[in-house]
1. Just checking, does the stretch 37-54 include any residue being at pLDDT below 95 and either among the basic types (K, R) or in the same structural domain as G203 (by TED's automatic domain parsing) (or both)?
2. Enumerate the pairs (first residue in the stretch 9-35 and at positive phi; second residue anywhere and surrounded by 16 or more Cβ atoms within 10 Å (Cβ to Cβ) and modelled with pLDDT of 95 or more) with beta-carbon separation below 8 Å, excluding pairs fewer than 6 apart on the same chain, so at least 6 apart or on different chains.
3. Determine which single condition V114 fails, assuming it passes every other condition in (1) in contact with a helix residue (DSSP H, G or I) (Cβ under 6 Å, 6 or more places away or on another chain); (2) crowded, with 24+ Cβ neighbours inside 10 Å; (3) under 22 Å from E196 (Cα atoms).
4. So which of A258, A262 ends up being over 16 Å from V310 (Cα atoms) and either buried (at least 20 other Cβ atoms within 10 Å of the Cβ) or in contact with a helix residue (DSSP H, G or I) (Cβ under 6 Å, 6 or more places away or on another chain) (or both)?
5. Hey, can you tell me all the residues within the stretch 97-110 that are surrounded by 17 or more Cβ atoms within 10 Å (Cβ to Cβ) and not basic (K, R)?
6. Can I51 be described as in contact (Cβ under 8 Å) with a residue 40 or more places away in the chain, at negative phi and buried (at least 19 other Cβ atoms within 10 Å of the Cβ)?
7. With respect to F77, determine if the residue is aromatic (F, W, Y), in contact (Cβ under 8 Å) with a residue 24 or more places away in the chain, in contact with a helix residue (DSSP H, G or I) (Cβ under 7 Å, 6 or more places away or on another chain) and assigned by TED's automatic domain parsing to the domain that holds M326.
Amino acid sequence: MTSLTGRSFLKEFDFTPAEWRSLLDLAAQLKDERRRGVEQQRLVGRTIALIFEKSSSRTRSSFEVAAFHQGAHTTYFDPSGSHIRGKESIVDTALLFGRMFDAIEYRGFGQDTVEDLAKYSGVPVWNGLTDEWHPTQTLADQLTILERVGKPLNQVSIAYLGDARNNVGNSVLAGGALMGMDVRMVAPKALHNTDEVVAQARGVAEQTGARITLTDNVAEGVAGADVIYTDVWVSMGEPEEVWAERIALLRPYQVNAALMTATGNPDAIALHCLPAYHDRNTTVGEKVFQLTGMDALEITDEVFQAQREVIFDQAENRMHTIKAVMVATLGA
């Protein structure tokens, strides 16, 4: 195990390929120990602050359950549960929490916030999601690929479809570059990753042998892919005029049965970081149906149900990989 004691976990590009792979290996080990009933508690007596400025199902559950399994205590702070930002700056919060907690998780908005927490707290800080990056998701994705595809990551081709400039798109590209993967970002040109992120990924790829492709051609992007990955197109809180424009732009990138067939790979799997708008059984799903007549957005219910076991393996793996980050960086 490569030592990451005392390190923060803020984005993929902060790690070497060996360091990143060590986290995947540790996650697999911890998952196996849990399944066999021989897990050892390595974080007994540790205290962890969980700061959530955005709502969550998987991230909060993963951090709380992983900490419980390892014997640590968590304190949850939602936007109304502390003085953060309202009466106390992020820097002052970092200085305070660093004196009381052994580590801090942050899920919220700008990357600068989680960077400031790490800079001023003096304890490991973990990025549970920012607008720019989602590194705990990437670890879970790659653990799932290792389990389900059955090939080394540097032999795996992954095609990400949809809005590639978002946090998940950036992390898929960065994590794939670190692990030497064949990464295809398949999106309208207006929604490609930024030039800065692409340049960073290509720099890493020169060292790892990763193949990086940005294209707006769906057929070319998915041909031969082992993994098809997508994420939501719209979010609650965005004005409806943005929804209509975004949906119209992204319709050709929907993950449906025809697209899975177009891979030419009968063993291709589909991943989704969730939540997914694959039916009308959510507020967003019904609202989109009333607006567009579409009963699914980024992934059809047909594909979602066919890939359900894989997708929920991926969701469960958030917990195992987050546990690995905790154990590795707290030095237990």
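1. Within the stretch 37-54, one or more residues are at pLDDT below 95 and either among the basic types (K, R) or in the same structural domain as G203 (by TED's automatic domain parsing) (or both).
2. Note: no pairs meet the criteria.
3. Unmet condition: (1).
4. Details: A258 fails: either buried (at least 20 other Cβ atoms within 10 Å of the Cβ) or in contact with a helix residue (DSSP H, G or I) (Cβ under 6 Å, 6 or more places away or on another chain) (or both).
After ruling out the rest, the residue left standing is A262.
5. Quick first cut of the stretch 97-110, residues surrounded by 17 or more Cβ atoms within 10 Å (Cβ to Cβ) only: 97-98, 101-108.
Within the stretch 97-110, F97, G98, F101, D102, A103, I104, E105, Y106, G108 qualify.
6. Numbers: in contact (Cβ under 8 Å) with a residue 40 or more places away in the chain: yes; at negative phi: yes; buried (at least 19 other Cβ atoms within 10 Å of the Cβ): yes.
It is true that I51 is in contact (Cβ under 8 Å) with a residue 40 or more places away in the chain, at negative phi and buried (at least 19 other Cβ atoms within 10 Å of the Cβ).
7. Values: aromatic (F, W, Y): yes; in contact (Cβ under 8 Å) with a residue 24 or more places away in the chain: yes; in contact with a helix residue (DSSP H, G or I) (Cβ under 7 Å, 6 or more places away or on another chain): no; assigned by TED's automatic domain parsing to the domain that holds M326: yes.
When the stated conditions are applied, F77 does not pass them.
Every residue, every condition in (1) modelled with pLDDT of 95 or more; (2) farther than 24 Å from L23 by Cα; (3) touching a strand residue (DSSP E or B) at 6+ places or on another chain (Cβ under 6 Å); (4) not assigned by TED's automatic domain parsing to the domain that holds N166, yes or no:
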site	(1), (2), (3), (4)
G180	yes, no, no, no
V186	yes, yes, yes, no
T194	yes, yes, no, no
G203	yes, no, no, no
Q207	yes, no, no, no
T213	yes, yes, yes, no
N217	yes, yes, no, no
G221	yes, yes, yes, no
D226	yes, no, yes, no
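The values are calculated or read from the model by the stated rules, or taken from the named source; none is laboratory data. As the structure is a computational prediction, the values presented were derived from the model and not from experiment. When we count neighbours, we look across all protein chains shown, and the Cβ atoms used for this are built from the backbone with ideal geometry, even at glycine.
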